[in-house]
Amino acid sequence: MKLTRYFKNFFNSSQSSGIILILCVIASLLTANSSFGEQFQALLDAEVGTEVFHLKYSVATWVNDGLMAVFFLLVGLEIKREIIEGELSNFKNASLPIFAALGGMMIPAIIYSFFNYGTPYAGGWGIPMATDIAFSLAIVSMLGNRVPPSIKIFLAALAIVDDLGAIVVIAVFYTESLHWLYLLLSLGIVVLLVLLNYFKVTKHIYYLVPGVFLWYFMHHSGIHATIAGVLLAFTIPTNVSRVKISPLEKLEQKLHFPVNYMIMPVFALANTNIMFKEGMVDGLFTSMGLGIIVGLFLGKVVGVCSFCFIAIKTKISALPQNSSWGQMLGVGFLAGIGFTMSIFIAMLSFKDAFHQSEAKFAILLASIISAIAGFLILKRAGDGKEY
């Protein structure tokens, strides 16, 4: 199988960092519900930066919009390499994550709308559409060689397409206003990066500096800034030669450690500080709570697997190499880990703080049970096998 050693390195490092990530989640939840909870939230809400360039944001915003752009850059780099010479270079394999993501977005949104049509919560239909790429990859990486590399690549591609779809949904349906000047400037930067690639410029600095401006313009356009990381990744030069290491591969190597052992733990600490309040459990049984839980836990797996089944049976796509439908079922459940992007959409959907807290709790619960189900199914499907 044509699988780059860099993708293997990515998941080998994620295997150990996944444990750190889970510990950070637990630490954040415990801190948020301890006597230090208010101070922790105050730290996340503290504004850092300068007003001169309109870059004064809360610590949480810098983490989610700034540091996560670097994470998306790393994953985008590997997806590009797999498209050029790896598992996704085959159209049947490359098309499957797209179909999976479409099903994983449509079915949960329909389920949520079924529960909440005509209610004050109807605007939250986008909440169960998202897959949290960071946590889903961390869970699957903890299974090590019980899961074939093709399944890991499939999940990474699915999660990226899913998150890009969520970003589009936010931009179209949840963004109060788009700043077209900044969008045009973003487009100009992308054109510049493509030209640099075309003229075979190989030094990273000539891509990273425009990449910073791309992030800035994208952030101020009203579109989620993390998409800048993916766009930048797809312009970094690579090659199909295994003799000489490409600029893309060099950048991957440099990003592995800081992303897996610094950026992701900070991300987990900043985004799992959910403070449990009286009445939140009752909120799980409201139309909103049920729409989120059923949408993420069942809607995701039904959407992902049904669309994959259709694509494979019609011979448009092919099952990932060395994989089984049992493993696809496990991936479908892992796609139900909505978390960060789901919480972000929930914050945009509801202005009332209590409803936001109820939605966060429902997202947390749905993500936990989805993670457990996906982990156990993939472990069982991979028992006795090594890839």
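The values are calculated or read from the model by the stated rules, or taken from the named source; none is laboratory data. Treat the numbers as computed from the prediction; the structure is a model and nothing was measured. Cβ sites come from the backbone with ideal geometry, for glycine too, and all protein chains shown count toward neighbours. With ligands, DNA and RNA removed, areas are computed over all heavy atoms of the protein, side chains included. Shrake-Rupley method; radii C 1.70, N 1.55, O 1.52, S 1.80 Å.
Examine the stretch 203-214 for a residue that is within 24 Å of the chain's Cα centre (by Cα) and closer than 25 Å to Gln356 by Cβ, and state whether such a residue exists. Checked against the condition, which is being within 24 Å of the chain's Cα centre (by Cα) and closer than 25 Å to Gln356 by Cβ, the stretch 203-214 yields no hits at all.
Among residues belonging to the stretch 173-206 that are over 16 Å from Leu232 (Cβ atoms) and either of a type in the set (Gly, Ala, Ser) or in a loop (DSSP other than H, G, I, E, B) (or both), point out the one that is modelled with the highest pLDDT. Residue satisfying both the conditions and the ranking: Phe199.
Helices (runs of 4 or more DSSP H) fully within the stretch 286-387 that include at least 3 residues being under 20 Å from Ala157 (Cβ atoms) and open to solvent by 40 Å² or more (accessible area, probe 1.4 Å): 300-313. Somewhere in the stretch 239-246, is a residue of a type outside the set (Lys, Arg) and touching a Phe, Trp or Tyr at 6+ places or on another chain (Cβ under 9 Å)? Taking every residue of the stretch 239-246 in turn, none turns out to be of a type outside the set (Lys, Arg) and touching a Phe, Trp or Tyr at 6+ places or on another chain (Cβ under 9 Å).
Asn12 falls short on exactly one of the conditions (1) loosely packed, with under 14 Cβ neighbours inside 10 Å; (2) modelled with pLDDT under 90; (3) not acidic (Asp, Glu), and that condition is (1). Note on the stretch 60-92: residues that are open to solvent by less than 40 Å² (accessible area, probe 1.4 Å) and either farther than 17 Å from Leu248 by Cα or part of a helix (DSSP H, G or I) (or both) amount to 22.
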